1. Per-residue HN-Hα couplings for the stretch C:41-56, Karplus 6.51 cos²θ - 1.76 cosθ + 1.60 at θ = phi - 60°, whole Hz, x for Gly and Pro?
2. Report, as an integer, the average count of C-beta atoms from other chains found within 10 Å of each Cβ along B:71-79.
3. Using Cα pairs closer than 8 Å and at least 6 residues apart in sequence, work out the relative contact order for chain A, in percent.
4. Could you give the distance between the Cα centres of the stretch C:1-38 and the stretch A:113-143, to the whole Å?
5. What residues in the stretch B:200-232 lose 40 Å² or more of accessible surface when the other protein chains are added to their chain alone (1.4 Å probe)?
6. Can you give me the long-range amide H partners of B:S92? Hydrogens built in the peptide plane at 1.01 Å from N, cutoff under 5 Å, separation of 5 or more residues or another chain.
7. Just to be sure I understand the model, the point goes 7 Å from the Cα along the line to the Cβ. What's the resulting B:A120 to B:R220 distance in nm?
8. Work out from phi, with θ = phi - 60° and the Karplus expression 6.51 cos²θ - 1.76 cosθ + 1.60, the ³J(HN,Hα) of each residue of the stretch A:219-227, listed in order in whole Hz, and give x for Gly and Pro.
Amino acid sequence: MKKTIFVLGLAVAFPLVMNALDQAFYIGFGARVLIYAMAAASLNLVLGYGGMVSFGHAAFFGAGAYVTGILAVEGLRSAWIAWPAAVAVAAAAALVIGALSLRTRGVYFIMITLAFAQMMYYVFVSLKAYGGDDGLSLPGRSTLGFGLELGDELTWYYVVLVLLAAVLYLLHRIVHSRFGRVIEAIRENETRAAATGYPVYGYKLACFVISGAIAGLAGALIANQSSYVGPGLLHWVQSGTLMIMVILGGVGRFWGAPIGAAVLLTLEETLSGSEALGQYALHWQLPVGVVLLVIVLYAPQGIAGLIAGRRRA
Amino acid sequence: MLELRGLTKRFGGLLAVDQVDLAVKDGEIHALIGPNGAGKTTIIAQVSGSLDADAGEILFRGRDLTRLPQHARVKAGLARSFQITSIFRRFSVLDNLALAVQARSGSSLSFWRPVAGEKALFDEARAIADEVGLSRRLDLVAGNLAHGEQRALEVGLALATRPKLVLLDEPMAGMGPEESQRIIALIERIRARVTVLLVEHDMDAVFRLAERISVLVSGRVIASGAPQEIRANAEVRRAYLGDELAAG
Amino acid sequence: MLRVEGLETAYGASQVLFGLSLEISEGEAVTLLGRNGMGKTTTVRSIMGLTRARAGAISFRGRRIEREAPDRIARAGIALVPEGRQIFPNLSVREHLVAFADNRAGRKDPWTPDKVFDLFENLGKRRDHMGNQLSGGEQQMLAIGRALVTNPHLLILDEATEGLAPLVREEIWRCLERLRAAGQTILVIDKYIERLVRLADRHTIIERGRVAWQGGSAELDADRGLWHRYLGV
Ligand SMILES: Nc1ncnc2c1ncn2[C@@H]1O[C@H](COP(=O)(O)OP(=O)(O)OP(=O)(O)O)[C@@H](O)[C@H]1O
Ligand SMILES: [Mg+2]
C-alpha cells in the first residue's frame with residue numbers, strides 16, 4: 001500500500017515538477033512512459049503470470065493504435081467510441097491468434113505469435129488507403145468531452161495516468177483472484193492443473209484475450225500521443241521492446257512492467273540525446289544491452305525483484 | 001463405481017493396455033498390481049482423461065466418460081495422484097492444496113475477489129494438510145519439501161478435489177515407514193466416503209488395504225479376486241510377487 | 001576411500017547438516033539410515049557437489065573434493081542413483097547408457113550397456129524408448145543402469161528401489177550383493193532396512209543433520225530400540 005501511494009505520488013507530481021523546472025517538454029515523455037507501462041503490463045500478465053512467452057504483443061498494441069487512427073481520419077474522434085473500439089478489435093485479434101497459437105507450446109508458441117504479428121505488420125504496410133509504409137497522421141487527439149482538452153499536454157498526461165492506474169488496479173485484482181491463481185498454477189505445472197480439474201486451454205485463452213485488450217487500449221493511447229500511427233508499431237522490434245521492459249522490470253512481478261518501461265525509456269531518452277556521447281549516441285542500444293545482460297545474469301527477478309529483495313533483507 | 005470394458009492403448013507398436021476389463025465396486029479399495037511396465041499408469045492416465053482410449057469404454061457411476069475431457073471427469077468426481085511427483089513447486093503447501101480445493105468449490109472464473117480472503121478454501125486446505133501430515137509445513141514452498149513430503153502433498157492434491165473415486169499411483173513410493181503408515185491410515189479413514197483404486201509395489205500396504213486385487217501383466221488382466229486368492233495364484237507369483245513375498 | 005568430516009550444508013537460510021562425519025573404506029558397503037527429511041539426501045548431494053557444503057571437508061581417494069564441480073567428482077569415480085530418478089526425457093534408453101559408459105575404476109570385467117540389458121531384461125526391450133516414454137519402474141532401472149555403466153569406485157544409491165516391483169527389487173539386492181562380493185564400494189539409502197542389514201557392513205543413522213548412531217549390522221539387528229527411535233519402524 002505504501003509503495004503504491006509513493007509511486008502514485010511520484011507520477012502525479014512529475015509534470016508539476018517539470019513545469020516548475022521549465023522542462024514542460026518532459027511531460028509528453030512522461031505520458032509515453034505511462035502508455036508503455038500499460039502495454040508492458042499487459043504482456044507481463046501472459047508472460048510473467050501465465051508463462052506464455054508471447055513474442056507478438058505488438059500486434060495488439062498496433063491494432064489498437066490503427067483502429068484509433070483510422071477512425072480519426074474517417075472523422076470519428078470521440079474517445080468514447082474510438083478507445084472501446086480499439087480494445088474490442090485488439091481483444092478479437094487476441095482471441096483468434098490465441099486460439100490458434102495456444103495449441104502449441106514452448107518455442108513453437110514464441111514463433112507462431114511472432115509470425116502472426118509479422119503478418120499483421122505486412123497487412124498494414126500494404127494498406128495503401130491508410131498510409132501503407134508511411135503510416136497515418138491523425139487530425140488531432142481524441143475528444144473526451146467534460147471540457148477536457150486532450151491536446152493540452154498536462155490534461156493528456158493525467159488522463160493517461162488515470163487510465164494506467166485503473167488498468168493496474170484491474171490487473172492487481174485479477175492476479176489475486178481465483179482466476180489469477182489458476183493462471184499461475186498453469187504456468188507452474190500444466191499437467192497437474194489439468195488433472196486438478198481446470199480446462200487449461202480455456203484459462204490460457206481468457207488470459208491472452210484480457211492481455212490483448214489491455215494492449216489495445218495502450219495502442220489507442222499511443223496513437224494519440226504522437227497523433228501518428230505507423231506499421232512500426234506492429235513490428236517485431238516493438239514486441240521485443242515490450243519484452244525487454246518486462247524482463248528489466250521483473251517477469252511476473254506486479255511492478256515489473258511500469259519500472260521496466262520507465263527505466264528503458266529513460267535510458268533511451270538520456271543516452272540517445274546525450275551530447276557527451278556525441279556521434280556514439282546513435283548506438284544507445286549498446287549500453288541498454290549491457291544493463292539487460294547484467295539484470296538477466298545477476299537479478300533474474302528484475303529491478304522490482306531487487307527492490308523487494310533488499311527490503312526483506 | 002468404475003467399469004472398464006475392452007480398454008486399449010497402443011504406443012506405436014507397443015500394446016501397453018490390451019482390452020482390459022475391470023470393475024471397481026462402490027466403496028471398495030481395489031489394488032491394481034503388476035510388473036514394471038505392465039500398463040498400470042497408462043490405465044490411470046486413460047481413466048483420468050490425460051490419455052485417450054484407442055478402443056474400449058470407461059463407465060463411471062453408470063455414465064460413459066470415454067470421450068469426456070479431463071476437467072469434466074474431475075467435476076464428475078474422479079481424481080488421480082501421479083507416480084512421478086507433480087506438484088506446483090513454487091507455490092506454498094497451503095496454496096497447492098487451496099488451488100485443488102478451489103477446483104471443486106464454486107467457479108474459478110472469478111476475476112475480482114481476492115482469493116486470499118476465502119477462508120473456507122484455506123480451512124479445507126489446512127484440514128487436508130493435516131490429514132497427510134503436512135500441517136507443520138504449510139508455508140514452505142513445495143519444491144523445498146523433502147521427497148517423502150512431496151509424495152504426501154501429491155496424495156493431498158488428489159484428495160483435495162473431493163473425489164468419489166481416487167486413483168492413487170504408487171502413493172507410498174519414496175516414503176519412509178512412518179509416512180507410509182500415515183498414508184495407510186489415511187486411506188483406511190477415507191474409505192467410507194471415497195472409493196480407491198490403488199497402484200502400489202509395497203505389498204505390505206496392498207495386502208493390508210485391498211479388498212480386491214487385480215493383476216496386470218503386459219497390458220492384460222491375468223487375475224482378479226480377493227487377496228488370499230491372488231497370493232495363492234501361481235501365475236501371479238511367477239510374474240510378479242515372487243515366492244518369498246507370496247508366502248509372507 | 002571416502003572421508004567426510006564436519007559437514008555443514010544449508011538450503012538458503014535453513015541448515016540441514018550440522019557437522020556430519022562419515023567414513024567408507026575400500027570394498028565396504030555402508031548405509032545411511034534415518035527418517036525422511038533428516039539429511040540423508042543432502043549428505044549425498046553434498047558429496048556429489050550438487051549442493052555446496054558450507055563447512056567441512058570431503059576427501060575421496062586422497063583428494064579433497066568439497067569445492068569441486070559435480071562433473072569432476074563424477075569423473076573421479078563416484079556415481080549416484082539419484083532420488084527421483086532424474087532421467088533425461090529426450091534421450092533414448094540406449095543413449096543414456098552409451099553416453100555414460102566409461103570404466104572409471106578400471107575394472108577387468110566392466111559394466112556395459114549390454115550387461116545392463118541382461119540385468120533388466122524389460123529395459124532391453126525398451127531400448128529405443130525416450131526417457132519420457134518409460135514407466136516409472138523402467139526409469140528407475142535406467143537410473144541404476146546409468147550409474148553402473150560408469151564403473152565407479154564408489155556407487156551411491158539413494159532410494160534406488162523406489163517404484164520397483166517386488167521381483168525386480170529382489171534382483172537389485174542380489175545384484176548389489178554380487179557387486180559387493182566383487183569388491184565394489186557401496187553407499188546405500190533405502191527404506192527396506194531388513195534387507196540393508198543383510199547387505200551392508202556398517203550403518204550410520206542420521207537424526208536432524210547429525211550422526212545419531214554408527215555401528216555394524218549385528219548391533220543394529222539386535223537393537224530394535226534404535227529402529228523404533230530413529231527409523232520409525
Ligand atoms: N508415451 C509413451 N510412448 C511409448 N511407450 C510408452 C509411453 N508411456 C509408456 N510407455 C510404455 O508403456 C508401457 C506401460 O507403461 P506404464 O507406465 O503404464 O507402466 P506401469 O505399469 O505403470 O509400470 P511401473 O510399475 O514401472 O510404473 C511401458 O512399457 C512403457 O515403456
Ligand atoms: Mg506406473
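The values are calculated or read from the model by the stated rules, or taken from the named source; none is laboratory data. What you are looking at is a predicted structure, and each value in this text was computed from that prediction instead of being measured. Ideal geometry is used to build each Cβ from the backbone, glycine not excepted, and the neighbour counts take in all protein chains shown. Protein only, heavy atoms only, side chains kept; ligands, DNA and RNA dropped before computing areas. Shrake-Rupley method; radii C 1.70, N 1.55, O 1.52, S 1.80 Å.
1. Karplus values, whole Hz, x for Gly and Pro: 5, 5, 4, 5, 5, 5, 4, 6, x, 7, 10, 5, 6, 7, 8, x.
2. The shielding value for this peptide is 3.
3. It comes to 31 percent, rounded to a whole number.
4. Between the Cα centre of the stretch C:1-38 and that of the stretch A:113-143, the gap is 65 Å.
5. By number: B:H201.
6. B:A142
7. In this crude spin-label approximation the distance works out to 5.1 nm.
8. My calculation for the stretch A:219-227 gives x, 4, 6, 5, 4, 6, 3, 10, 6 Hz in order.
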